[in-house]
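The values are calculated or read from the model by the stated rules, or taken from the named source; none is laboratory data. Computed from a predicted structure; not experimentally measured. We place every Cβ from the backbone using ideal geometry, glycine too, and count neighbours over all the protein chains shown. Accessible surface areas use protein heavy atoms only, side chains included; no ligands, DNA or RNA. Shrake-Rupley method; radii C 1.70, N 1.55, O 1.52, S 1.80 Å.
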Amino acid sequence: MTVRKVPDVTFRTRVRDETIEGSNPFRWEDKTSADYFAGKRVVLFSLPGAFTPTCSTYQLPDFEKLYDEFKAAGIDAIYCISVNDAFVMNAWGKAQGLKNVELIPDGSGEFTRKMGMLVAKDNLGFGMRSWRYGAVVNDGVVEKWFEEEGFSDNCDSDPYGVSSPQTILEALKKDKVAEAA
Ligand code: BEZ
């Protein structure tokens, strides 16, 4: 089987820093793929855009709610990535009241492109975005892959199901049962 690794990229994040005076105490912090993926077994999911309806109503909040079950299934962290900049991703995290899922800003789309998941969404005025997918990534190596059907540019629909938290959790739980047998 081909070993598929997540690409090495640098993400430009914005983090709160109380040493900064004024009403906007944030600074840039570069984080690499190694920072997120080395030595951890994580769930990564990627979606077309922050604040979009399915992502904001189902996918992200459901991953957030099921976090403890993912931990029990052997997952160290859950990451949500989107081709959006750090300002947008932080605002989305705040609006969602996130405590568990970490948002990764792939503003330039470099990670998504190197994963082979970058698609045009010009039909929605979005430019280049991510196709919806999920993955279990163990120490940077893709262990399980959950890609929505119909990968294409300017897709008329927005398939959602294969990369839902429920589907991914079920696969992880099945593995646990099989391991124990
Ligand atoms: C949604 O999450 O519902 C959505 C995503 C991309 C475009 C339009 C809607």
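Summary table below
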{"item": "Pairs with Cβ under 7 Å, 6+ apart, first in segment 97-126 and within 13 Å of GLY49 (Cβ to Cβ) and of a type in the set (Lys, Arg), second at pLDDT 95 or above and not in a strand (DSSP E or B)", "result": "LYS121/PRO48; LYS121/GLY127; LYS121/ASN154"}
{"item": "Residue tally, condition among the small types (Gly, Ala, Ser), within 12 Å of the ligand (Cβ to nearest atom) and either open to solvent by 30 Å² or more (accessible area, probe 1.4 Å) or without any contact (Cβ under 8 Å) to a residue 40 or more places away in the chain (or both), over segment 59-91", "result": "0"}
{"item": "Scan of segment 35-53 for residues that are in a strand (DSSP E or B), among the aliphatic types (A, V, I, L, M) and within 16 Å of the ligand (Cβ to nearest atom), ordered by number", "result": "LEU47"}
{"item": "Residues satisfying the stated conditions in segment 128-151, i.e. on the phi > 0 side of the Ramachandran plot, touching a residue at least 12 places away in the same chain (Cβ under 8 Å) and open to solvent by 20 Å² or more (accessible area, probe 1.4 Å)", "result": "ASP139"}
{"item": "Answer from SER23, SER56 - the residue that is modelled with pLDDT under 95 and more than 16 Å from the ligand (Cβ to nearest atom)", "result": "SER23"}
{"item": "Test: residue in segment 12-34 that is open to solvent by less than 30 Å² (accessible area, probe 1.4 Å), closer than 21 Å to LEU118 by Cβ and either of a type in the set (Val, Ile, Thr) or in a strand (DSSP E or B) (or both)", "result": "yes"}
